[in-house]
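Reviewing the structure listed below.
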Amino acid sequence: LFSWWEHLRYYQREMKLIKKYLPQLKAVVTFTPEFGRILAKDAKGPINSIYNRDGTDTDSVPPRTCKIREGEEVKLIFLKGSQQEQKWAGLDRLIKSIEAHPDIPIRLYITGNAIDQKERYARPFVTLTGRLPFNELEELIDEVDLGVSNLANYLIHFSETTNLKSRDYYSRGLPFIQSNTMPDVEGTVAANYYLHIPNDATIIDMKKVYDFALRMRSEVDHPKKMHQFAVEQLDWKVTTAELAQEIKSLV
């Protein structure tokens, strides 16, 4: 609830500015087509929106060296960012879901400042790594099966996004789970490298997550394929070039 109201506060401020300057605007840049539709509805008038996809720097996010794993335990990693990001990351939802499936062997690694909130996250199946040196973080990413992207986008009333974390996972070659869809990935082969879970507060079916992880293990070349897709479709040079072309078309 708090995260939604915090988001709503910023959104209301943005809408006030958009309505004020709408007669002078040729377009509004949005991060998904869905957001453009929401803006048009709330502004109660036509808005020319430009869909600008988030992009990552694939040169600085190389594909991981995936280590072949044969044990039963599936390893997930959540790369924790800012405190604000965490509110709709859905970590609490994920932990509850793992607890609801005690017979499925899963290990969850949470990096970053989550170690300062042990009372919230500490569980027998959770490893709070703290802030790792870069080389140690790279080694851990090589060893895990899946990444965890946002799992609670329903809190901010979005069903599709192009969040940077998912782009980084593609560039890294790390399959992942998330609750939103990605309009620029759906319908492509690359959509097979992430598992879409329901965008609500329900318990996640961890058996599906487990089976997805095992399937990704069997496709040993997935890091290379995911990174190549990121280079061709998700790199910031590609997405900014698209935005520049859209803006030029307005002149």
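The values are calculated or read from the model by the stated rules, or taken from the named source; none is laboratory data. Here the structure is a predicted model, which is why all the values come from computation and not from measurement. Because the Cβ atoms are built from the backbone with ideal geometry, glycine has one as well, and the counts that use them run over all protein chains shown.
Among the residues of the range 65-92, count how many are surrounded by fewer than 20 Cβ atoms within 10 Å (Cβ to Cβ), assigned to a helix (DSSP H, G or I) and either on the phi > 0 side of the Ramachandran plot or at pLDDT 80 or above (or both).
1
Give the residues of the range 224-251 that are among the small types (G, A, S) and either under 30 Å from Y154 (Cβ atoms) or not in a helix (DSSP H, G or I) (or both), sorted by residue number. Break it down stepwise before answering.
Within the range 224-251, the first condition is being among the small types (G, A, S), and the residues that meet it are 230, 241, 244, 249.
Within the range 224-251, A230, S249 qualify.
When you check I95 against the structure, is it touching a Lys or Arg at 6+ places or on another chain (Cβ under 8 Å), of a type outside the set (D, E, K, R), part of a helix (DSSP H, G or I) and closer than 30 Å to V231 by Cα, yes or no? Write out each step before concluding.
Working: touching a Lys or Arg at 6+ places or on another chain (Cβ under 8 Å): yes; of a type outside the set (D, E, K, R): yes; part of a helix (DSSP H, G or I): yes; closer than 30 Å to V231 by Cα: no.
Answer is no for this residue.
Across the range 26-37, what is the number of residues that are in contact (Cβ under 8 Å) with a residue 40 or more places away in the chain and either surrounded by 17 or more Cβ atoms within 10 Å (Cβ to Cβ) or assigned to a loop (DSSP other than H, G, I, E, B) (or both)? So that I can check it myself, show each step before the final result.
So in the range 26-37, the residues in contact (Cβ under 8 Å) with a residue 40 or more places away in the chain come out as 26-27, 29, 31-35.
If we keep only those that are either surrounded by 17 or more Cβ atoms within 10 Å (Cβ to Cβ) or assigned to a loop (DSSP other than H, G, I, E, B) (or both) as well, we get 26-27, 31-32, 34-35.
Residues flagged as in contact (Cβ under 8 Å) with a residue 40 or more places away in the chain and either surrounded by 17 or more Cβ atoms within 10 Å (Cβ to Cβ) or assigned to a loop (DSSP other than H, G, I, E, B) (or both) within the range 26-37 amount to 6.
Would you say T161 is buried (at least 21 other Cβ atoms within 10 Å of the Cβ) and out of contact with any strand residue (DSSP E or B) (no Cβ under 6 Å at 6 or more places or on another chain)? Before you say what the answer is, go through the steps one by one.
Values: buried (at least 21 other Cβ atoms within 10 Å of the Cβ): yes; out of contact with any strand residue (DSSP E or B) (no Cβ under 6 Å at 6 or more places or on another chain): yes.
Yes: the conditions hold for T161.
For residues in the range 190-205 being farther than 20 Å from T32 by Cα and modelled with pLDDT of 95 or more, which is surrounded by the most Cβ atoms within 10 Å (Cβ to Cβ)? Break it down into steps so the answer makes sense when it comes.
Going through the range 190-205, the residues farther than 20 Å from T32 by Cα turn out to be 192-193, 201-205.
Those still in the list that are modelled with pLDDT of 95 or more too: 192-193, 202-205.
Numbers: N192: 16, Y193: 23, T202: 11, I203: 14, I204: 21, D205: 16.
So, considering only residues that are farther than 20 Å from T32 by Cα and modelled with pLDDT of 95 or more, the one surrounded by the most Cβ atoms within 10 Å (Cβ to Cβ) is Y193.
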